[in-house]
Amino acid sequence: MMDSPEQIKTRIESAVPGAKIDIVLNGSPSQQSSLLIDKEHARQIAQFLRDDAALRLDFCSNVTGMDWLDRVVTKKVIVKKIVEGEEKEAEETQQEKIPGYLEAVYHLYSIEHKHGPIIIRMRTNDRSAEAPLPSLTPIWRSAEFQEREIFDLYGIRFDGHPDLRRILMWDEFKDYPMRKDYRDPDDYEYEPTPHDDVLERAKQHYAPRPQLDGAENITAQP
Amino acid sequence: MTTTIQTLEPAERPLQIMSSRLEGELLEVSMGPQHPSTHGVFRMNVALDGEIVRKLKPVFGYLHRNHEKIGENMSYLGSMPYTDRLDYFCSMTNNWAYALSVEKLAGIEVPERAEYLRIILAELTRLQNHASLLGFLLSDMGAWGTPLMYAFREREKILDLFESLSGSRMMCDYMRFGGCRVDASADWLAGAKKIVDAFPKFLDEFEKLIVENEILIARTQEVGKLSADLAISAGITGPMLRACGVNYDIRKVDGYGFYPRFKFRIPLGEHGDTYDRLMMRALEMRESIGILKQAFEQIPEGPIMNPKVKIRGFRPPVGEAYGRIEAPKGELGFYLISDGSPNPYRYRVRPPSFINLTILEDLCLGHTVADVMVILGSVDIVMGEVDR
């Protein structure tokens, strides 16, 4: 039987000193809760998960990205208020703004013990272009193409990846199509060619030239 | 006036020395995207030393249409026909993987008859996928046409079955979360049983073509060897992983559907070379026939849809789920995140042939260009799934 996420959390914390791990609960019937690991110790935690004799999560099946926009969470908080000289408890709605972030999710299985999945996630600090996360490709080779895909479509930069390039979009492409605020360009065919300069010169060429008006009437002397 | 043309005597001409090897220089060749052996629009940038591959970088994305983004903008039901277009050889298993993930996400039970129908259709899909793969592979090796036509003859029979059941030969769109779309009649089941019963005869004939064929053995044995450690680390799944001798079949490990009720064995390879990968398919077809025969005996009468599921205007609870099945090409998974709205917040496909390409370079290094085609053929890719 595999350990619960709570047990795995305590085991990681004892094996990797200083590691910060939160459990992200999943309320759906699938009950696949995940571990949110911190960026600084990610490589060590991944190595522990792979090499630990009881876990042996040697097979990283699925790696994918996620984009979470800025959002506002409304909470109901009980606040003490002084109303007409008396202290009363009143309920108040507070709004908390959570800044957006990008996320990488890894689904891990064990081929040796045939258990899983253990799901780990990492979050970037913000949604800026090429927000950094540590690459786990040195631990699991199967992340190689999948991290490249996340870099391509979400714009997370995986530090320590051996060959981080775009994989599905072409190399010259700008922007990250899987982000939630992506807007596709008006013209996919647009390329910065000399075409515009040529057009500009042509426009000047066909501009009216008054000093030459009536020139067609000049004929050669008889 | 006469002009004299000075000609050099043959002995005086400077000799152009053509070397058979490019000394110290590598030749870069772009193989594909329009190449009959790349199974679609797939390109490899290969650095060659003579005929030996020294470097190989796969390039793809020519068929990319951002399937996952389209899935995010669609309802849960709306994505079902679109999953057919991923691996267009195996639409039934794509449907099943997606339906399984949604069922995990929303906690939906599937009626017994529907589970049996799913197993029957998935195993028929495996038969026709593996048969046509072997045909294509022989075609890549120069056995042009004939073996492929043998394979396609059998595939045609199975596609006819799919057509009479779902209305479409390749884009079946047959499964729904909570069951299947239409019921199979007794006639259909009898017809399917007849085709499955006749299938071993084709396999006997086809295996005779490949098992002891000298040319095929010379072209495939010890070519593209993959070690078990690298295969596990690189996330290789399906027949490719089992050809290295790793016993991992999701039908056994996860026991999804009613697979635990069936008796079947997992064929395993020993060397992890192209020949083993090829034989893995032939042996898996034999096991699939066994599963199908059991399914035809056991299939009960009953409903094929869970009546509680409202597939139109379907809203699963907030949460996420990852569901996976053993598709003919490997582990096919769908990862869904629901925010409670009719569209998934995140819709991710874990494509087996995309991830199986990770080690293409490792397999090809040191082999000749002609071997690259054979190795690529044995990986079994479909670009609709690789590029998504």
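Since every read-out is calculated from the coordinates, none of them should be taken as a lab result. Just so you know, these numbers come straight off a predicted model, no measurement behind them. Cβ placement follows ideal geometry from the backbone for every residue including glycine, while neighbour counts extend to all protein chains displayed.
When chain B is treated as a GNM, springs tying every alpha-carbon pair under 10 Å, which of B:GLU68, B:GLU214, B:GLU287 comes out with the largest mean-square fluctuation?
B:GLU214
Under a crude label model (7 Å from the Cα following the beta-carbon direction), how far is A:ASN125 from B:ARG169 in nanometres?
Label at A:ASN125, label at B:ARG169, 5.8 nm between them.
As I understand it, the value is the acute angle between the Cα axis of helix B:146-166 and the longest principal axis of the Cα atoms of chain B; what does it come to in degrees, rounded to 10?
Once rounded, one gets 20 degrees.
Give me the extension gain from B:GLN34 to B:LYS310: residue separation times 0.36 nm, minus the current Cα-Cα distance, reported in nm with one decimal.
The span from B:GLN34 to B:LYS310 would gain 94.9 nm if fully extended.
According to a simple spin-label model (label point 7 Å from Cα along Cα-to-Cβ), what is the distance in nm between A:GLN95 and B:VAL211?
7.3
With the cut-off at 1.5 for a/c, could you classify the protein assembly as shown from its C-alpha gyration tensor as rounded, prolate or oblate? Please report the intermediate quantities before stating the final value.
On the way: a/c = 1.63, a/b = 1.13, b/c = 1.45.
Taking the square roots of the gyration eigenvalues as a ≥ b ≥ c, the protein assembly as shown is oblate.
What does the charge dipole of the protein assembly as shown about its Cα centre add up to, to the nearest 20 debye, if the Cβ of each Lys and Arg holds +1 and the Cβ of each Asp and Glu holds -1?
Values: 75 positive and 93 negative charges, 321 e Å.
About 1540 debye.
What residue among B:VAL372, B:VAL41, B:VAL211 has the largest mean-square fluctuation in a Gaussian network model of chain B, using Cα springs under 10 Å?
B:VAL211
So for B:ARG126, B:ARG261, B:ARG281, B:ARG219, fewest C-beta neighbours within 10 Å to most, what's the order?
B:ARG261, B:ARG219, B:ARG281, B:ARG126
With +1 assigned to the C-beta of every Lys and Arg and -1 to the C-beta of every Asp and Glu, and no other charges, what is the dipole magnitude of region A:5-181 about the Cα centre in debye, to the nearest 20?
240
Give me A:HIS41, B:HIS271 ranked fewest to most by other Cβ atoms within 10 Å of their Cβ, as a rough exposure proxy.
Final ranking by Cβ density, sparse to dense: B:HIS271, A:HIS41.
Got a sec? Which residues in region A:44-59 would a label at A:ASP38 touch, if it sits 7 Å along Cα→Cβ and we count backbone N under 14 Å?
Those under the cut-off are A:44-45.
Give the aspartates and glutamates whose C-alpha is closer than 14 Å to that of B:LYS310, dropping any in the same chain fewer than 8 places away, or say none.
B:GLU103, B:GLU109
Are there GluC sites (Glu not before Pro) in region A:1-100 that DSSP puts in a loop and that have at most 15 other Cβ atoms within 10 Å, and which ones?
A:GLU40, A:GLU84
Answer with one residue from B:GLY40, A:GLY18, B:LEU357: the one whose Cα lies farthest towards the positive end of the charge dipole of the protein assembly as shown, charges on Cβ with Lys, Arg +1 and Asp, Glu -1.
Highest projection toward the positive end goes to A:GLY18.
Please list, by residue number, everything in region A:90-130 whose backbone N is under 19 Å from a paramagnetic label point 7 Å out along Cα→Cβ of A:LYS80.
Those under the cut-off are A:90-93.
Residues with beta-carbon under 9 Å from that of A:LYS20, excluding A:LYS20: net charge, scoring Lys, Arg +1 and Asp, Glu -1?
-4
Here is the link list: B:LYS157/B:LYS201; A:LYS174/A:LYS203; B:LYS225/B:LYS252; A:LYS76/B:LYS104; A:LYS114/B:LYS293. Which ones come out longer than 20 Å on Cα distance?
Beyond 20 Å: A:LYS174/A:LYS203; B:LYS225/B:LYS252; A:LYS76/B:LYS104; A:LYS114/B:LYS293.
How do B:THR146, B:THR38, A:THR64 line up, fewest other C-beta atoms within 10 Å first?
B:THR146, B:THR38, A:THR64
Mind giving me the FRET efficiency for B:ASN45 and A:GLN47? R0 is 51 Å, r the Cβ-Cβ distance, nearest 0.05 is fine.
The formula returns an efficiency of 0.95 here.
Sticking with the crude label model, points 7 Å out along Cα→Cβ, report the distance from B:GLU109 to B:PHE258 in nm, one decimal please.
1.5
Assuming 1.306 mPa s and 10 °C, estimate D for region B:57-386 with Stokes-Einstein, Rh taken as the Kirkwood radius over Cα pairs, in µm²/s.
Answer from the Stokes-Einstein relation: 78 µm²/s.
In a GNM of chain B with a 10 Å cut-off on Cα contacts, which of B:GLU154, B:GLU212, B:GLU103 has the highest mean-square fluctuation?
B:GLU212
Considering the options B:LEU336, B:LEU241, B:ASN306, tell which one lies farthest towards the positive end of the dipole of the protein assembly as shown, charges being +1 on Lys and Arg and -1 on Asp and Glu at the Cβ, about the Cα centre.
B:ASN306
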